[in-house]
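The values are calculated or read from the model by the stated rules, or taken from the named source; none is laboratory data. Please read these numbers as outputs of a predicted model, since none were measured by experiment. We place every Cβ from the backbone using ideal geometry, glycine too, and count neighbours over all the protein chains shown.
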């Protein structure tokens, strides 16, 4: 048996875990962590399908993942900078307090 | 016994780094209140690792054949395959890694035990042991790695663990800043290391050190590397070796990348002992020792070895000069480490791996001893670190005094019975006979003289004379859990001398793979006698001069240092570590801050006014339309608007401004759509 189903289970678990963190956590930093988890779940899918799918000499799967990792790094840097500025402004990282856009 | 062990090495060897790493991983999940359990787990894992490392050490004692050191290469594991490139990692056991692994596990084990006593009142007790375990495991992986890539990854792990430990008291701003400084400064060196590694891979197609004749450090690849010339007339081997050297300079605190090491004193004292003795700074010297075949192409006068010798010499003298003028007990020791690392670099550049490794291991023992003794002093003096406020502590802490004196004499190179004397003698011997000139030799001689001077100064100011006022109240001796490690390390600092004398250079011949032989005649050769005489003169001069100056220091702790009057401006310059921090502040941090300020000004001075102009235009237009509306509209429209507003109000209530609420709605909607999709398509 190929480990593909196992890998897909792992990635969906990771994705659910990340989504759960994003939906329930109050701390903005931990929400960012959750987003990273979801991104990595997607990366695992890319690699799993590349590894066990039809042969792919152009390495499209890993290339995609390399770009995705680079983008994730940039996203974390920008995200953390925004959180830092928000924290300086409101002295809080609680997402529920940041509701000045409410109706 | 060794023969019986060798078949089990491939699996046993992996446990040496992985046990501490595993312990660190488990401790990360333990709650804070289980601190005791965490410390036991860390010490137990390290103890088993130590036993395995010692067993592996025994295996390397018998050379395979005369002149060829024992070398065991664990079958490399394929980590991953990318296209048709397979990256392999593995472990290697030879005298070099066996000596390091045994030293790291042994010294670290006693530092761990000492930490139980030193950190007992600490709230984050368990976390501390988790970080220590991670630190040790990473260093052991550096030591045993058979692949430059694995070594680099472990090297970065060491950097990460040092960051967390230096910044252990992260609520103190200086500690947080010191942690960042250590991380960023070593990163400069790591960048060079990384580039060198990629270059080596590009040229040779492998990163394994030993691979049955195809490895990086084996003759085939070395010859091909030496055959290619690149920028500046350097061969590729010399250029990559220089890049690796820059990496080692960052980790081993060589000038000009040394500024992080003294600041790293912000961490708890056991961490300082670990960083300065067993892990972290030793990694840089070890990297050069491991990749020495690349450095050594072209003999002792090759470009990278010459660079190492000169950088080491300059660092040794520079740090010894600065250490003279420091007043913080740990900072003096920190600069002395920088200086001793310079000695090791000189040894690598002029004398070879065995000389440097002997000094590294001897240094690990007496520097760990000195730091732990200093920790005992600091603990007994209620966290006072300024040696001007101490004095006369010999009476209050006699046991700490004795162990401290042994460490100090080993570091200063007191003759004959201390390991530091013989290791330094071997370094001077190598430097004197170096074909590239007398520069590094003179620098190390001067540094050795100053070492004796500043260590005597520190010992006199801390333990002799009268208790200075204002100073510490009721200093006390430490508990036995802190004293036992001191005794063990002190014994090591003395006993190691046995295996490194010219009469029985067991250590050197073991590293080179030769059977150890006893030649007592080597001690009375004119060459050796000259050096022993020189060492004696150096120590006597250094200690004597220091004794003259610091014998009777005034009882007032605010009085200036006796040397300050004689050296005036120079003393001030030394106190500030020759202004390296200020220089970096001006040349690197200054321009960066300037650029940041310029961007900030651009934003505030240009974009904000531009926006303001646009804003006022729109406002004016809005006011104009508002006035025309006011005049042109009737009540019917108003009531329509009122109705609309009420609807909008009720609609806007769902717009709570809470993104997670929106996200949930989106998630729900998507689930419904997905279900619909599958239902319809089924």
Please go through the stretch A:51-69 and pick out each residue that is part of a helix (DSSP H, G or I) and either touching a strand residue (DSSP E or B) at 6+ places or on another chain (Cβ under 9 Å) or loosely packed, with under 10 Cβ neighbours inside 10 Å (or both).
A:62
Tell me, yes or no, whether the stretch A:93-103 has at least one residue that is assigned to a helix (DSSP H, G or I) and under 15 Å from the mean Cα position of the chain (by Cα).
no
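Select the helices (runs of 4 or more DSSP H) contained entirely in the stretch B:54-171, then report the ones holding at least 3 residues which are more than 17 Å from the chain's Cα centre (by Cα) and crowded, with 19+ Cβ neighbours inside 10 Å. Before the answer, list the steps.
Working: elements: B:95-118, B:125-144, B:148-166.
Output list reads B:95-118, B:125-144.
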Is there a residue being surrounded by fewer than 15 Cβ atoms within 10 Å (Cβ to Cβ), over 17 Å from the mean Cα position of the chain (by Cα) and within 14 Å of another protein chain (Cβ to nearest Cβ) anywhere in the stretch A:40-50?
no
Counting only residues in the stretch A:70-91 that are in contact with a helix residue (DSSP H, G or I) (Cβ under 8 Å, 6 or more places away or on another chain) and more than 14 Å from chain B (Cβ to nearest Cβ), the one surrounded by the fewest Cβ atoms within 10 Å (Cβ to Cβ) is identified as A:80
Need at least 1 residues that are in contact (Cβ under 8 Å) with a residue 24 or more places away in the chain per element, so show me which helices (runs of 4 or more DSSP H) inside the stretch B:544-623 make the cut, counting only ones lying wholly within it.
B:562-567, B:569-575, B:580-584
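Identify, please: which residue in the stretch A:1-16 is in contact with a helix residue (DSSP H, G or I) (Cβ under 6 Å, 6 or more places away or on another chain) and part of a helix (DSSP H, G or I) and is, among those, nearest to the other protein chains (Cβ to nearest Cβ)?
Applying the first criterion (in contact with a helix residue (DSSP H, G or I) (Cβ under 6 Å, 6 or more places away or on another chain)) to the stretch A:1-16 yields A:2, A:4, A:7, A:11, A:14-15.
Right, trim to part of a helix (DSSP H, G or I) and you get A:4, A:7, A:11, A:14-15.
On the way: A:4: 17, A:7: 14, A:11: 17, A:14: 17, A:15: 12 Å.
Selected residue: A:15.
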Restricting to the stretch A:92-103, give me the number of residues that are farther than 11 Å from residue A:27 by Cβ and more than 11 Å from every other protein chain (Cβ to nearest Cβ).
0
Can you find even one residue in the stretch B:637-644 that is away from chain A (no Cβ under 14 Å), outside any helix (DSSP H, G or I) and at pLDDT below 80?
no
Report yes if residue B:612 is surrounded by 10 or more Cβ atoms within 10 Å (Cβ to Cβ) and either within 14 Å of chain A (Cβ to nearest Cβ) or over 30 Å from residue A:97 (Cα atoms) (or both), otherwise no.
no
Is it fair to say residue A:24 is within 13 Å of chain B (Cβ to nearest Cβ) and within 12 Å of the chain's Cα centre (by Cα)?
no
Report yes if residue B:593 is surrounded by 10 or more Cβ atoms within 10 Å (Cβ to Cβ), closer than 30 Å to residue B:318 by Cα, away from chain A (no Cβ under 14 Å) and modelled with pLDDT under 85, otherwise no.
no
Go through the stretch B:647-657 and report how many residues are modelled with pLDDT of 80 or more and either closer than 13 Å to residue A:22 by Cα or at the interface with chain A (Cβ under 10 Å from one of its Cβ atoms) (or both).
3
